[in-house]
1. Filter region B:193-207 down to the residues that are farther than 20 Å from residue B:281 by Cα, surrounded by 20 or more Cβ atoms within 10 Å (Cβ to Cβ) and facing another protein chain (nearest Cβ under 9 Å) and list them by number.
2. Which of (1) more than 12 Å from chain A (Cβ to nearest Cβ); (2) out of contact with any Cys (no Cβ under 7 Å at 6 or more places or on another chain); (3) crowded, with 24+ Cβ neighbours inside 10 Å does residue B:149 not meet, given it meets every other one?
3. Take the residues in region B:208-260 that are within 9 Å of chain A (Cβ to nearest Cβ), among the hydrophobic types (A, V, I, L, M, F, W, C) and assigned to a helix (DSSP H, G or I), then tell me which one is surrounded by the most Cβ atoms within 10 Å (Cβ to Cβ).
4. From B:127, B:122, which residue is part of a loop (DSSP other than H, G, I, E, B) and not basic (Lys, Arg)?
5. Given (1) within 14 Å of chain A (Cβ to nearest Cβ); (2) assigned to a helix (DSSP H, G or I), where does residue B:295 come up short, assuming only one miss?
6. I want to confirm something. Restricting to region A:67-82 and keeping residues that are farther than 17 Å from residue A:57 by Cα and in contact with a Gly (Cβ under 7 Å, 6 or more places away or on another chain), which single residue is surrounded by the most Cβ atoms within 10 Å (Cβ to Cβ)?
7. Please go through region B:53-67 and pick out each residue that is under 19 Å from residue B:305 (Cβ atoms) and not hydroxyl-bearing (Ser, Thr, Tyr).
8. For region B:362-421: of the residues being of a type in the set (Gly, Ala, Ser) and part of a helix (DSSP H, G or I), which is farthest from the other protein chains (Cβ to nearest Cβ)?
Amino acid sequence: MSDTATKTAPAAEQGTERRLNMIEAINDALDVTMGRDDNIVIMGEDVGYFGGVFRCTAGLQEKYGKTRVFDTPISECGIIAAAVGMGAYGLRPVPEIQFADYIYPGLDQLISEAARLRYRSAAEYTAPITVRSPFGGGIFGGQTHSQSPEAIFAHVSGLKTVIPATPYDAKGLLISAIEDNDPVIFFEPKRIYNGPFSGYYDKPVEPWKRFDASVVPEGHYKIPLGKARYATEGDELTILAYGTMVHVVEAVCREKGVEADIVDLRTIVPVDIETIEESVKKTGRCLIVHEATRTAGFGAELSALVTERCFYHLEAPVERVTGFDTPYPHSLEWAYFPGPIRIGEALDKILAE
Amino acid sequence: MADRPQGGAAKAGDNRPKLSLHVPEPKFRPGDAVDFSHIEVPEAGAQPRPDETTDPKDMLDFAHGLIRVLGEDNRAHGPWDPKLDPETLRTMLGHMAMTRAFDERMFRGQRQGKTSFYMKCTGEEATSVSASMALAADDMVFPSYRQQGILIQRGYPMIEMINQIYSNKGDKLKGRQLPIMYSSKEHSFFTISGNLATQTPQAVGWAMASAIKGDSRIAATWVGEGSTAEGDFHSACLFATVYNAPVILNVVNNQWAISSFSGFAGAERSTFAARGLGYGIASLRVDGNDPLACYAAEQWAANRARANAGPTLIEFFSYRAEGHSTSDDPSGYRSAQERDEWPLGDPVMRLKNHLIEIGEWDEDRQEKMDLEAAEFVKKTTKEAEQNGILGHGLHHPFRTMFEDVFEELPWHLQEQADQAIRERETKFPEGLPNGGKGA
């Protein structure tokens, strides 16, 4: 077993029984880091007095003041650009983009500026920025509130991309992201803000507090970027997933009685290749699951990595389960979503080989 | 009014007059006789100078007029005269002359194959040198690609500029950037992007940070009139006004964006300074070839920013006397007469003539200064060439290609770095050229 991957939330073992949902865990991470470092500022649409449309920044303006937590114009380009300038000054900005679907006006500032400042200036200037943004579907958000654009950022040299799957991880990863000296895209799977998701949209949400991963210690702790986690362990196959899909595949495996290594990647750039290799070489089968569109999705990169590095250990072709290559539809959301049927079919296929 | 016919008979195209698209066209093309009499050039000294804390609503005229100090008589006029002492004026002239000498030599170096690319700022020296002199040395500047005058004014070692242009082993930026995309944190000079106008909202962010921290430093940014078309410029103006940021947004209107005249950025309809008015930003339109006016306007804006009175947008009305870059040939799209007919003259000549007029300078001293500048640039170029010129092997070591993508090298870049070194060993099995220097 690699020591790079964490099996369970240590806090649960320590018995510090404070249970938070993912929103509260993110808010706690922001609070803890702001309390330690005066250079951290938060800005974004509706993040100030109101505390964010998902409440992730609730109470922070009141606690830290209007010059450290403030609303911005509806201008993602301006938000990211101002953060780049603040980073050059020496601040550590944590801008929020209200929905990942709205991040595109800020792409030039992320791709051509934030991601390349360190390189082009030979480290004279850096962009220690964490861009937080809720992403993913499953909330009837239609094509403008449901997208998973992580592959776009994974393709850019100079950006790290982080996606938590539990409240415990969300806090530890966000603290790491904020304290990292490189720009980090921190995508928050909004479907699981309040509780993990089994993939059955017609079942009520089970709140996070019923799960151990919601035990979030007080104070400062970090989960290193680039280190995956075994969500479950098993010998039949390896499933690579992140965000919401970690919980969906967990539920499907439980239902079908499949014993899988479910590897929650947590960070897609840099990706934890050691854990991926370790698990696939053990199981000989690999299923990759993400909610984003299929073509040139991050699953394609994972599939290539697994094939290049574990080919002689594979007993079946690598399979991908993804969203379809269409915009995210509103009324047909659950036909689009890579749910239990699509995942189950892939499991049957890969295990039959 | 030309009403569109209504009712069941209405169909596409029956509007009278027919709708027509306006595609801007510059007044003069190659071979045309040039007449700039349509450009209004007010008398030097004619514009009043408002207090730096004036409400932008009370100074709308400044976005449409033209602040001028140096008159046809080579004397300084009016309330915008910054009343600089002769020594400061000579320093300003010296920086502008040095900038011009540097441009001449670097342009020639590119033609001689020593580097891939160069951009001159001929005719626009005052917009960087004089403006920069009005700032504190630690005010942060976010330049575009034609403000080499700022680095020269701030005393950045010229050999570093040339090393960067040659992408040689002395280049502090490790040969990663296109020539002239300098960076010097020590000189409060932000890394030049090469993507247009991205630096403008970043400058606002820097200024916001300075205000958050209760600092005394302000930010200034430069952008071409063509690049004001980018959304980033709008973001910059909006954030600057919303947060009352201590920032100066300098727009250098040099009339041309490669081959596209300023009409494609909206100049047929209004001035670039007037863009600031809609945001409630104090906006000044300035004779960009008048070094004293450039200084005075930048100083006014800096005072305003430092007084927490808000941002300023300055349009420097100037003319790009040379091509866009070494890759450009303006004889293909504009009349060669434009440069000679430009009604605002040349900034170096105007400052020189002013100093002569007030009895503080003469032709001999000018000649001597120009010669010394050319000699200094030549000598520094030779020194820089000891570090190599582009494409001659004296570059930074291979592994540096993979450094600074992130603070630490992740596994995938480490693997790719190993690959690059293997390729190099395959290419040079007998060992590296130049005795391995630079490899």
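The values are calculated or read from the model by the stated rules, or taken from the named source; none is laboratory data. Predicted model only: the values in this text are computed from it and were never measured. Here the Cβ positions follow ideal geometry from the backbone for every residue, glycine too, while neighbour counts run over all protein chains shown.
1. Matches in region B:193-207: B:193 only.
2. That leaves (2) as the condition not met.
3. Only one residue fits best here, namely B:236.
4. Values: B:127 fails: part of a loop (DSSP other than H, G, I, E, B).
Just a single option satisfies the conditions, and that option is B:122.
5. Here residue B:295 clears every test but (1).
6. Among those that are farther than 17 Å from residue A:57 by Cα and in contact with a Gly (Cβ under 7 Å, 6 or more places away or on another chain), it is A:82.
7. Once the filter is applied, which keeps residues that are under 19 Å from residue B:305 (Cβ atoms) and not hydroxyl-bearing (Ser, Thr, Tyr), region B:53-67 yields B:55, B:56, B:57, B:58, B:59, B:62, B:63, B:67.
8. B:374
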